[in-house]
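Worksheet: one structure, shown below.
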Amino acid sequence: MAHEQHNYLNHQKGIWSWLTTLDHKRIGIMYFIAIMSFFFLGGVFALLVRAELFTPGKTLFSADVYNRMMTYHGAIMVFMVIVPGIPAIFGNFVLPIMIGAKDVAFPRLNLMSWYMLMIGAAITGSTLFLENVDTGWTFYTPYSSIKTGLGVIPMVLGVFIIGFSSILTGLNFIVTTHKLRAPGMTMNRIPLMVWALYSTAILQVLATPVLAITLLLLIAEKTLGVGIFDPQLGGDPVLFQHFFWFYSHPAVYIMILPAMGVISELVATYSRKIIFGYTAIAYSSLAIAGVSFLVWGHHMFVSGQSEFAGILFSFITMLVGVPTAIKLFNWIATMYKGSIRLDAPMLFAIGFMFLFTIGGLTGVYLASTGMDVHFHDTYFVVAHFHYVMVGGTLMALMGALIYWFPKVTGKIYSDLTGRISWVFIFSGFNVTFFPQFILGNMGMPRRYYDYLPTFTELNQMSTFGSWLIGTGFLVGLFGVIYALLKGKEAGNNPFGGKTLEWTIPSPPPHENFDKTPVLTGGPYEYR
Amino acid sequence: MNWFSFITATSFMPVPATKESGDVDNLYIFLLVSGLISFIILIGGMVIFIFKYRRKTEDQKSAYITHNTLAEFLWSFIPFVIMMIIFAWGWSVFHDLRRVGEKGDVEVHVTARQWAWTFKYANDIEINSPTDKKLVENDPDSTLLKPEIVVVPVGKTIRFILTSDDVLHSFYVPAFRNKMDAVPGRRTTFTFTPIEKGDFTVFCTEYCGTKHSNMMATIRVVDGEQFAAWQAEKIAANAGANNKGPAERGEALFKGSLGCSGCHSIDGSRIVGPSFKGLYGNKRDFADGSSVVADDAYIKQSILVPTAKIVAGFPPAMSSFQGRIKEEEIKDIIEFIKTLK
């Protein structure tokens, strides 16, 4: 019967109907295809970077080629994968359904956001063929403005446009959350995924313009010779860092808050239990969003900013740790006396908590000024932010993929494939990044093409781990294709979820709900 | 902190070689132990719940617990207190590492440039690093160059005053647990009091282009007499250098304070810029298709306005030496290049 059903996938036909669609669900799928392609590219660069570091000295490439691969790996993963990832793909798909709406508030703007990401990615990607960039994803001046080629200009122009995509998506989500909630759905009854996306959207709207302006100033300096960052023209190179991190620190939370939203959903569903401390989780998202604007200077403890500034930023950074810890405690408390099933999405949620705890605790080391001076810009930092961003966000992304796959496609994602993928990704992360903490202890700086022979064994272990991660994601991709071709019919609610998306057919009809739902209680009423 | 010594928490750290580094290590041990305890509580709790509350039958019910104010207060307040301790401890250690405005017993001006450090002592002794020799000589793939040695006395307060000629660099000595950016147009300081004798590696930790990983130096900590003897030897060598011929003076500049050898080889091999072997009197082809026979005027222009003529196949990476080089020094360099047949 499900085959003949009228749903958003067969509502209209043909590629043109996809490219001009205003349906948030189809746009979510278009984001999925685009972002997964970028992820593949960024992943290939990651594997090449690690392969080069397998031996000291030249292994495969020259130093220039290595520096470029390192730059593209970072820029693609940050600006095109992890920042847009969960909000653009899963936010687009589930946010309107979760609040009982027919679509986002501005469907045309939503489609335009997708096109802006595509245009930005095309411009940034064109530098791969025109003139490679070797600045690192941070584009620090004066290296980017006076010491390297003109490829920096299209590169940051592309990032600028991608930033607009991010702002528009954020704006759309804020208005949607405020204006389109179903009757009875008060702000204290919206699912935690929506709270996370809402907090993220605030960050996107407020922080991203700062990046946009910074990148325009960089282009102005590089093309017109306006002295803003270059000391030879009377500028201040540290000013760029202030501007850059004023965006890029909140951006870390743009990456991780949606992941936290996913984890809240997974933990509740697979523990079949009301979430512990709904209010605390919801408002800690807002608290993280707010405080994260005031901590950017912790990237600059050794930049030459004043000692006082360092101490102040260290203090405020410590405060972010508290709401983050609250979330972890709440998830674990939710599992207490629950009815837990270790399906693949729950394994990814547990993997998230494991990796994110290590990432979060090592973040405290770096927030402490006296300790950070030793670890700053070493492999300790590389390990720390990969544990947080990659271990956190990508674990949640995989969990979300398998969890919502039946809703999106109507087919069940094979749990066994998900588990095999998890084993590779989870063990691979630890084999890759844990040795990097030790390399940081020993003093190996980051972004190094070549290293002292004493660092060899740990680098080899790390490279070996990267192959495990690569295998894990390939297994995950195989799972998607297999489920599309041979997956079992899913039914409306295969996992016993309580949020609104599980009350409608899979795949959902064109306008989500036949009849507007009316809410009488919170989202996780497992009794 | 000896009660911690049974835990070899700092076993992967380099030997703490300065007065300040021991304090950093104590903070590190506290962070590691408190972090490990937190990890065990969190993840241990999670693992216990996974096994204890595993769904055994499909209709298994869960408890209905919405919140617990006391537990939530405690798990917010206790982490807050611990983090405030870490903050205050970190602040105190940071203050000792920075020692803003404090004068050193030995003061050295350090200038960073792509991709070498120049150390200039008060009595005009100048050390430039790295050298043009490979660090691992029998490895053809090694790109690291041997770090030059900078000598300082043990037990004294040493202040390095850092700046940069071109882009951002960062001066990092793992054994000192200290690091400071070298910023163009600014002066920053790196103060330390060595307590261990030996050789300690300096790395650059702020990404600065092609040979970022190669920007090393070695700080050798010796006792007071050895330091005085080293200084005397260097001063004598400087005096001797003034009596040398122009080509020899040029060679010293090439390998030393001007750091040309970081980018240009003299044996025909490619580093970053073109080699100087057989340069003088021979034809140079440029990226714009033109060419010229290398003479005095061409070499002088290349030093002062490096972007005027870019040799085909090389990036326009060199910064101008305008204002950093004297007229006689240019002549000495040209004399040296003439000898590279």
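The combined condition, being closer than 30 Å to B:ASP165 by Cβ and either facing chain A (nearest Cβ under 7 Å) or in a strand (DSSP E or B) (or both), is fulfilled by B:THR118. Would you confirm whether or not segment B:235-256 contains a residue that is within 14 Å of chain A (Cβ to nearest Cβ) and touching a residue at least 40 places away in the same chain (Cβ under 8 Å)? No - not one qualifying residue is present in segment B:235-256. Going through segment A:438-456 one residue at a time, which ones are crowded, with 24+ Cβ neighbours inside 10 Å and touching a strand residue (DSSP E or B) at 6+ places or on another chain (Cβ under 8 Å)? Those that are crowded, with 24+ Cβ neighbours inside 10 Å and touching a strand residue (DSSP E or B) at 6+ places or on another chain (Cβ under 8 Å): A:LEU439, A:GLY440, A:GLY443, A:MET444, A:PRO445. Scanning segment A:42-71 for residues that are facing another protein chain (nearest Cβ under 10 Å) and under 26 Å from the mean Cα position of the chain (by Cα) returns A:TYR66, A:ASN67, A:MET70, A:THR71. So, in segment A:376-392, exactly how many residues are buried (at least 24 other Cβ atoms within 10 Å of the Cβ) and in contact (Cβ under 8 Å) with a residue 60 or more places away in the chain? Matching residues across segment A:376-392 total 5. Scanning segment A:8-33 for residues that are at pLDDT 90 or above and polar (S, T, N, Q) gives A:SER17, A:THR20, A:THR21. Only residues that are assigned to a loop (DSSP other than H, G, I, E, B) and farther than 24 Å from A:PRO87 by Cβ: list them for segment A:12-24, please. If the condition is that a residue be assigned to a loop (DSSP other than H, G, I, E, B) and farther than 24 Å from A:PRO87 by Cβ, then A:GLN12, A:LYS13, A:GLY14 are the ones that fit.
The C-beta contact set for segment B:29-40 (first residue within 10 Å of chain A (Cβ to nearest Cβ), second residue part of a helix (DSSP H, G or I) and exposed (fewer than 15 other Cβ atoms within 10 Å of the Cβ), distance under 9 angstrom, 6+ apart or interchain) comprises B:PHE30/B:ILE85; B:SER34/B:ILE85. Looking across segment B:103-120, the residues that are surrounded by 17 or more Cβ atoms within 10 Å (Cβ to Cβ), modelled with pLDDT of 90 or more and touching a Lys or Arg at 6+ places or on another chain (Cβ under 8 Å) come down to B:GLY104, B:VAL108, B:VAL110, B:THR111. Every listed requirement among (1) hydrophobic (A, V, I, L, M, F, W, C); (2) more than 25 Å from B:ILE40 (Cα to Cα); (3) touching a Leu at 6+ places or on another chain (Cβ under 7 Å) is met by A:ILE288 save one, (2). The number of residues in segment A:329-362 being over 18 Å from the mean Cα position of the chain (by Cα) and in a helix (DSSP H, G or I) comes to 12. Set side by side, the residues B:THR143, B:THR157 differ, and just one is surrounded by fewer than 21 Cβ atoms within 10 Å (Cβ to Cβ) and within 14 Å of chain A (Cβ to nearest Cβ), which is B:THR143. With respect to being closer than 27 Å to A:THR417 by Cβ, of a type outside the set (Gly, Ala, Ser), within 10 Å of another protein chain (Cβ to nearest Cβ) and assigned to a helix (DSSP H, G or I), A:THR324 falls outside the description. Residues in segment B:121-140 that are more than 14 Å from chain A (Cβ to nearest Cβ), assigned to a loop (DSSP other than H, G, I, E, B), over 16 Å from B:LYS255 (Cα atoms) and not polar (S, T, N, Q): 2 in all. All of A:SER285, A:SER271, A:SER303 fail the test of being small (Gly, Ala, Ser), in contact (Cβ under 8 Å) with a residue 60 or more places away in the chain and away from every other protein chain (no Cβ under 11 Å), apart from A:SER285.
Mind listing whichever residues of segment B:195-210 are assigned to a loop (DSSP other than H, G, I, E, B) and more than 8 Å from every other protein chain (Cβ to nearest Cβ)? Hits for segment B:195-210 are B:ILE195, B:GLU196, B:LYS197.
Just one of the listed residues (A:THR463, A:THR432, A:THR516) is more than 13 Å from every other protein chain (Cβ to nearest Cβ), crowded, with 20+ Cβ neighbours inside 10 Å and more than 30 Å from B:SER21 (Cα to Cα), namely A:THR463. For segment A:461-503, a residue qualifies if it is in contact (Cβ under 8 Å) with a residue 60 or more places away in the chain and polar (S, T, N, Q), and the qualifying residues are A:SER462, A:THR463, A:SER466, A:THR499. How many residues does segment B:52-111 hold that are aromatic (Phe, Trp, Tyr), touching a Gly at 6+ places or on another chain (Cβ under 9 Å) and either in a helix (DSSP H, G or I) or more than 7 Å from chain A (Cβ to nearest Cβ) (or both)? Final tally of qualifying residues: 4.
The values are calculated or read from the model by the stated rules, or taken from the named source; none is laboratory data. Not measured: the values here are computed from a predicted model. With ideal geometry, Cβ positions are generated from the backbone for all residues, glycine too; neighbour counts draw on all protein chains shown.
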